[in-house]
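The values are calculated or read from the model by the stated rules, or taken from the named source; none is laboratory data. Source: prediction; values computed, not measured. In this analysis, Cβ positions are derived from the backbone assuming ideal geometry, glycine residues included, and neighbour counts consider all displayed protein chains. Just so you know, the surface numbers come from the protein's heavy atoms only, side chains and all, with ligands and any DNA or RNA stripped out. Shrake-Rupley method; radii C 1.70, N 1.55, O 1.52, S 1.80 Å.
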Amino acid sequence: MNKKQYLDNLNDALVAHQVKTEEIKDILSDYEQMYDDALERGLTDEDVSNLLGKPKQVYEELRDTLSQKSSKRHQDKIIALTPFIAVITFMLIGLTTDIWHPTWMVFLLIPITAILLNTSKKEKIVALSPFVAIIIFMLVGTYTSYWNPTWLIFLIVPIASMIYEKNNVKRIFFIGSLLIASGFYLIMGYVYHDFMIGLFGFLLPAIVILYFAELKFEVIIKDPLKRKNGIIFFMIIVLSLAAFLSLGLFAAGWGYSWMFVLLIPISSIFLFDKSKKITPFMPFVAVIIFYSLGYFFGLFEISWIAFLLIPIVAVIENS
Amino acid sequence: MNTQLKKGILEMCVLYVISEQDMYGFEVIERLAKDIDVNENTIYPILRRLTAQHLFTIYEKQTNLGAPRKYYQITDAGKQRLAENINEWKTFLNGVFKIVGGTFNE
């Protein structure tokens, strides 16, 4: 990370938390000065960022000295209201129409609102993609029974995470190979009536991922923890997709097997996000608890309470 | 070490070095890093916090090269806080030494 990247990241972290513009300017100019002073003493970029702190940690440390834009406080209120709005909407529609499924998806408003109002532009798209995918998948699946090939919508999650990739070659190959594999899958399925063979198309993005992982191997090999996490993550992706597709294709279990796909964002948060908090996991955990109880035991009327875990955990952990 | 305790001690150290002489941000970090492990990058937030509490004032001084530098200077309130902190700290350390053995080196 060089000086410009460091200051950009710091700026992003402060902007994401809606810090007042003049304070951001002040802090950035102070950090720029300290950065210059440190470089002048002959420190490397890495030394400097260790000494001054990673931008996200800097924000955490500065937190109690900062004042937020008044709109931020307003936004926090909106986020706090979403659980109530979701419960009321859910109960009203459920009781009057008896359509508990897919009405339950109003609970996804809780994490979606929090993400929309609380994250920076770059994070927003990636963080929203699993929820958008679930909503589209469930709606299309429920009303048209085309669970297959609608499951392909989950591919927007890896694609979203690649949109801001700086390396053009990597980005094009990643997204391109996923699109080609999807196309191949659809053609094999609809023209040749063999979705199974179509699945082999996904070997292409797998090879692309492995190839680019190879390039990073030298960095990763020096850091055993990263290597271990990388391998675990890759295996979780392969296993959860295998579970999802085989239950769907062979046991017609599309209605529940999609929950395996949630293991991917869950494990990525667990393995790569430094903050060891439970809050980021809660939307996924809540969806799984809620949906499992509802789908397997017919308890949709009660199991929605699981969604209240999202705001409760957030309040307990962040107070 | 308990981070809350460490933060308090670091605050006292920052107050102390600036009470000896006006300093700019990086100078404070350098001065403290010489004797204690400050890789937890808490110095600038401390400077900012103490300035917000009016324990420091800020002025700018022209340098030979480029932009003017921001210097921190201790205020009367800052001196008072420092004296209180040192007092508390000594009483605390004396107590600790009575329990675990050792002496104050003054």
Problem - So A:ALA306, is it within 24 Å of A:VAL208 (Cβ to Cβ), without any contact (Cβ under 8 Å) to a residue 24 or more places away in the chain and among the hydrophobic types (A, V, I, L, M, F, W, C) - result: no
Practice task
Taking A:VAL238 as the residue in question, decide whether it is in contact with a Leu (Cβ under 8 Å, 6 or more places away or on another chain) and not small (Gly, Ala, Ser).
Solution key: no
Fill in the blank from the handout: The condition from (1) aromatic (Phe, Trp, Tyr); (2) open to solvent by 70 Å² or more (accessible area, probe 1.4 Å); (3) assigned to a helix (DSSP H, G or I) that A:TYR164 misses is numbered (3)
Handout entry: Condition check for A:TYR146: modelled with pLDDT of 85 or more and open to solvent by 50 Å² or more (accessible area, probe 1.4 Å)
Key = yes
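Using the structure shown, decide if B:THR63 is within 14 Å of another protein chain (Cβ to nearest Cβ), free of Cβ contacts under 8 Å to residues at least 24 places away in the same chain, in contact with a strand residue (DSSP E or B) (Cβ under 7 Å, 6 or more places away or on another chain) and in a helix (DSSP H, G or I).
no
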Practice task
Assess whether A:SER49 counts as being hydroxyl-bearing (Ser, Thr, Tyr), facing chain B (nearest Cβ under 10 Å) and more than 24 Å from the chain's Cα centre (by Cα).
Solution key: yes
Fill in the blank from the handout: Checked A:SER292, A:SER268 against criteria (assigned to a helix (DSSP H, G or I), touching a residue at least 12 places away in the same chain (Cβ under 8 Å) and closer than 21 Å to A:LEU128 by Cα); the one match is A:SER268
Exercise for the section: Considering each residue of the stretch A:24-38, count those that are more than 22 Å from A:THR119 (Cα to Cα) and open to solvent by 70 Å² or more (accessible area, probe 1.4 Å), and give that number. Expected result: 1
Completion exercise
Flagged in the stretch A:61-119 as among the β-branched types (Val, Ile, Thr), within 23 Å of the chain's Cα centre (by Cα) and either surrounded by fewer than 16 Cβ atoms within 10 Å (Cβ to Cβ) or within 14 Å of chain B (Cβ to nearest Cβ) (or both), in numbering order, are A:ILE78
Completion exercise
Within the stretch A:39-55, residues in contact (Cβ under 8 Å) with a residue 12 or more places away in the chain and within 12 Å of B:TYR44 (Cβ to Cβ) come out as A:LEU51, A:LEU52
Exercise for the section: Taking the options A:GLN57, A:GLN33, name whichever one is in a helix (DSSP H, G or I), polar (S, T, N, Q), within 14 Å of chain B (Cβ to nearest Cβ) and within 25 Å of the chain's Cα centre (by Cα). Expected result: A:GLN57
Handout entry: Identity of the residue in the stretch A:10-23, surrounded by fewer than 18 Cβ atoms within 10 Å (Cβ to Cβ) and in a helix (DSSP H, G or I), that ends up modelled with the lowest pLDDT
Key = A:ALA16
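For the stretch B:1-56, which positions are part of a helix (DSSP H, G or I), among the hydroxyl-bearing types (Ser, Thr, Tyr) and either crowded, with 20+ Cβ neighbours inside 10 Å or within 13 Å of chain A (Cβ to nearest Cβ) (or both)?
B:THR3, B:TYR44, B:THR51
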Completion exercise
Of (1) assigned to a helix (DSSP H, G or I); (2) of a type in the set (Ser, Thr, Tyr); (3) open to solvent by 70 Å² or more (accessible area, probe 1.4 Å), A:TYR192 satisfies every one except (1)
Exercise for the section: Looking only at the stretch B:49-68, decide whether some residue is at pLDDT below 85, under 17 Å from A:ASP64 (Cβ atoms) and either within 13 Å of the chain's Cα centre (by Cα) or of a type in the set (Ser, Thr, Tyr) (or both). Expected result: no
Completion exercise
From the option list A:PHE260, A:PHE234, A:PHE173, single residue qualifying as modelled with pLDDT under 85, open to solvent by 50 Å² or more (accessible area, probe 1.4 Å) and either within 23 Å of the chain's Cα centre (by Cα) or under 22 Å from A:MET138 (Cβ atoms) (or both) is A:PHE234
